[in-house]
Amino acid sequence: MSNLANELNARLEGTVVARVMSDLGRRMFFPRGIVAQSAEAKARAHRFNATVGMAYQDGEPMTLPVIRELTAGLTTSESVAYAPTTGLPALRTLWQQRMIEKNPDLKDVTLTNPVVVPGLTAGISLIADMFADPDNTLLLPDLFWGNYRLTFAERRLCRIREFPFFDNAGAFNSAAFTEAARGASSGGKLMVMLNFPNNPAGFTPSPSDVDRIRTTLVNLAESVPIVVVADDAYFGLNYSDKLYTQSIFSALATAHPNILAVKVDGATKEDFVWGFRVGFVTFSFKGMTRDHADALETKMAGMIRSIFSSSSTLSQSILLKALQHPDYAAQKEQARKVLEARFRTLQSVLAAKEKEGRAPALTPLPCNSGYFMSFRCQGINAEELRLTLLDRGVGTISVKDQYLRVAFAGVDERDIKELYREIFDAAEALTPS
């Protein structure tokens with residue numbers, strides 16, 4: 001193992017990080033090679049800098065006139081230069097400030113500075129590399145984004161244990177979560193993925209549900225180290241005042257010295273810039289020092305360097321300027337209201353269907369946030385329903401042949417009623433008489 005990796009491991013010794021790191025995570029370090037030497041040269045080589053593999057002209061990154069034209073308003077350093085491995089420093093600092101504003105429970109909590117990754121998928125994959133070994137167990141609700149399986153089960157050979165997401169009353173199934181967490185912790189380490197608002201259900205739990213999740217994990221942490229990942233892809237898209245409005249990361253960041261909380265978030269859905277591919281990864285645990293945080297960031301920098309080197313400078317620069325714009329907050333709230341209006345129309349459609357006698361083949365799952373809602377299919381196959389809807393010119397997603405996911409965020413409010421009329425008509429046509 002590299003001496004640099006050993007040095008980082010020594011700085012993390014005695015913490016939950018040391019107890020939950022994968023073999024790859026323990027071996028990871030940030031090399032003192034081209035990137036590190038180039039950073040030193042940027043600070044000290046005041047005459048000539050012949051380090052990094054970029055072409056310069058008159059002290060600025062060289063670029064083509066057509067690129068300068070298309071990126072008017074940005075300097076060439078903001079558009080075509082390499083970004084630092086962990087992201088633009090100003091963007092990382094501002095994202096953390098905004099994170100604390102949106103999650104006031106994080107005030108005065110020691111956090112790593114958010115590390116920039118090319119999208120939340122990359123962030124989740126890096127977390128899997130850092131903490132998941134073959135035969136570890138990842139706890140998930142039975143309604144989860146399918147890419148978790150690809151990332152953890154296929155890439156890292158983890159076992160996946162599911163628990164029923166909803167109870168019979170349509171609330172978050174705290175009892176099932178507790179039972180499954182106890183069972184999944186028997187291997188000496190527990191990994192948990194929590195995604196609120198949930199994809200595919202579009203559901204966020206209540207504050208009391210979050211308290212029960214926290215209590216379960218704190219109790220288990222007395223005997224087993226835990227990694228809890230908050231996938232906050234749809235953070236802030238809430239349409240009810242009864243749900244937990246902060247990230248669950250806030251409830252877990254200092255919950256117990258044996259719980260490592262990880263927040264994976266980004267501009268993708270929050271700021272309506274899906275193709276920018278700008279995500280962030282932030283860590284915390286009770287008792288974390290600034291030296292622990294720096295060591296963790298360095299481990300992540302090594303992971304990033306080994307896979308994709310750095311994230312897009314252009315996307316980061318545009319996002320930074322957008323976050324600094326005086327109209328940013330108002331514009332973002334207006335966009336959220338557009339989605340909420342679609343959600344309200346959807347709810348009125350479902351309420352009317354309930355009143356007239358809901359289609360027996362489709363039961364809507366609880367939904368209060370995010371981009372999606374889902375139906376449980378009863379007596380019909382969700383994949384068959386999806387294909388039938390395609391014949392009608394309507395695209396949806398089938399999940400496990402049992403659920404039909406509908407992305408109401410992708411349909412204008414004026415078309416919501418027609419969309420659901422097609423869905424109910426197709427389901428009724430497939431229902432055995």
Do we find that Leu243 is in the same structural domain as Leu138 (by TED's automatic domain parsing), of a type in the set (A, V, I, L, M) and touching a Lys or Arg at 6+ places or on another chain (Cβ under 7 Å) in this structure? no
Given the conditions (1) of a type outside the set (A, V, I, L, M); (2) over 19 Å from Pro360 (Cβ atoms); (3) assigned to a helix (DSSP H, G or I); (4) in contact (Cβ under 8 Å) with a residue 24 or more places away in the chain, which single one is not true for Glu384? (2)
Being under 25 Å from Trp145 (Cα atoms), in contact (Cβ under 8 Å) with a residue 60 or more places away in the chain and not in a helix (DSSP H, G or I) is the filter here, so list the residues in the range 405-433 that pass it. Arg405, Val411, Asp412
Please indicate, with yes or no, whether at least one residue in the range 250-258 is in the same structural domain as Thr121 (by TED's automatic domain parsing), touching a strand residue (DSSP E or B) at 6+ places or on another chain (Cβ under 7 Å), hydroxyl-bearing (Ser, Thr, Tyr) and within 24 Å of Arg336 (Cα to Cα). no
In the range 133-179, what residues are within 13 Å of Val229 (Cβ to Cβ) and either outside the structural domain of Asn195 (by TED's automatic domain parsing) or aromatic (Phe, Trp, Tyr) (or both)? Phe144, Trp145, Tyr148, Phe152
Residues to consider are Lys189, Lys263; find the one that is under 22 Å from the mean Cα position of the chain (by Cα), of a type in the set (Lys, Arg) and surrounded by 23 or more Cβ atoms within 10 Å (Cβ to Cβ). Lys263
Do we find a residue being under 16 Å from Asn113 (Cβ atoms), surrounded by fewer than 19 Cβ atoms within 10 Å (Cβ to Cβ) and of a type in the set (Gly, Ala, Ser) anywhere in the range 303-315? no
Conditions: (1) within 23 Å of Arg26 (Cβ to Cβ); (2) assigned to a strand (DSSP E or B). Leu140 meets all but one. Number of the miss? (1)
Looking at the range 404-433, which of its residues are farther than 16 Å from Leu346 by Cα and crowded, with 19+ Cβ neighbours inside 10 Å? Ala426, Ala427
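Considering each of Val262, Val273, Val338, Val278 in turn, give the residue that is under 30 Å from Tyr420 (Cα atoms), touching a helix residue (DSSP H, G or I) at 6+ places or on another chain (Cβ under 9 Å) and modelled with pLDDT of 95 or more. Give the steps one after another, and end with the answer.
Numbers: Val262 fails: under 30 Å from Tyr420 (Cα atoms); Val273 fails: modelled with pLDDT of 95 or more; Val278 fails: under 30 Å from Tyr420 (Cα atoms).
Exactly one of Val262, Val273, Val338, Val278 is under 30 Å from Tyr420 (Cα atoms), touching a helix residue (DSSP H, G or I) at 6+ places or on another chain (Cβ under 9 Å) and modelled with pLDDT of 95 or more, namely Val338.
Being within 27 Å of Ala329 (Cβ to Cβ) and more than 11 Å from the chain's Cα centre (by Cα) is true for just one of Phe276, Phe280, Phe285. Which residue is that? Explain how you work it out, then say what you get.
Working: Phe280 fails: more than 11 Å from the chain's Cα centre (by Cα); Phe285 fails: within 27 Å of Ala329 (Cβ to Cβ).
From the options Phe276, Phe280, Phe285, the qualifying one is Phe276.
Looking at Lys337, is it among the charged types (D, E, K, R) and either under 23 Å from Val264 (Cβ atoms) or not in a helix (DSSP H, G or I) (or both)? Let's see the steps before the verdict.
Values: among the charged types (D, E, K, R): yes; either under 23 Å from Val264 (Cβ atoms) or not in a helix (DSSP H, G or I) (or both): no.
No.
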State which residue pairs qualify: first residue under 14 Å from Ile248 (Cβ atoms) and inside the range 98-115, second residue modelled with pLDDT of 95 or more and among the acidic types (Asp, Glu) in any location, beta carbons under 9 Å apart, and separation of 6 or more residues or different chains. Met99/Asp265
Go through (1) closer than 14 Å to Ser240 by Cα; (2) surrounded by fewer than 18 Cβ atoms within 10 Å (Cβ to Cβ) one by one and return the number of the condition Gln378 breaks. (1)
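Looking only at the range 119-137, count how many residues are part of a loop (DSSP other than H, G, I, E, B) and within 26 Å of Val399 (Cβ to Cβ). I'd like the intermediate steps shown before the answer.
Our first condition is that a residue be part of a loop (DSSP other than H, G, I, E, B); within the range 119-137, this holds for 119, 132-136.
Imposing the further condition that a residue be within 26 Å of Val399 (Cβ to Cβ) reduces the set to 119, 132, 136.
Residues meeting the conditions: 3.
Is it the case that Gly379 is outside any helix (DSSP H, G or I), modelled with pLDDT of 95 or more, over 25 Å from Arg149 (Cβ atoms) and not assigned by TED's automatic domain parsing to the domain that holds Ala169? Working first, answer last.
Numbers: outside any helix (DSSP H, G or I): yes; modelled with pLDDT of 95 or more: no; over 25 Å from Arg149 (Cβ atoms): yes; not assigned by TED's automatic domain parsing to the domain that holds Ala169: yes.
So Gly379 fails the test.
Inspect the range 298-318 for any residue being under 15 Å from the mean Cα position of the chain (by Cα) and not in a helix (DSSP H, G or I) and give the result as yes or no. Before you say what the answer is, go through the steps one by one.
Of the range 298-318, the ones under 15 Å from the mean Cα position of the chain (by Cα) are none.
Checked against the condition, which is being under 15 Å from the mean Cα position of the chain (by Cα) and not in a helix (DSSP H, G or I), the range 298-318 yields no hits at all.
The values are calculated or read from the model by the stated rules, or taken from the named source; none is laboratory data. What you see is a predicted model, and the numbers here were worked out from it, not measured in a lab. Because the Cβ atoms are built from the backbone with ideal geometry, glycine has one as well, and the counts that use them run over all protein chains shown.
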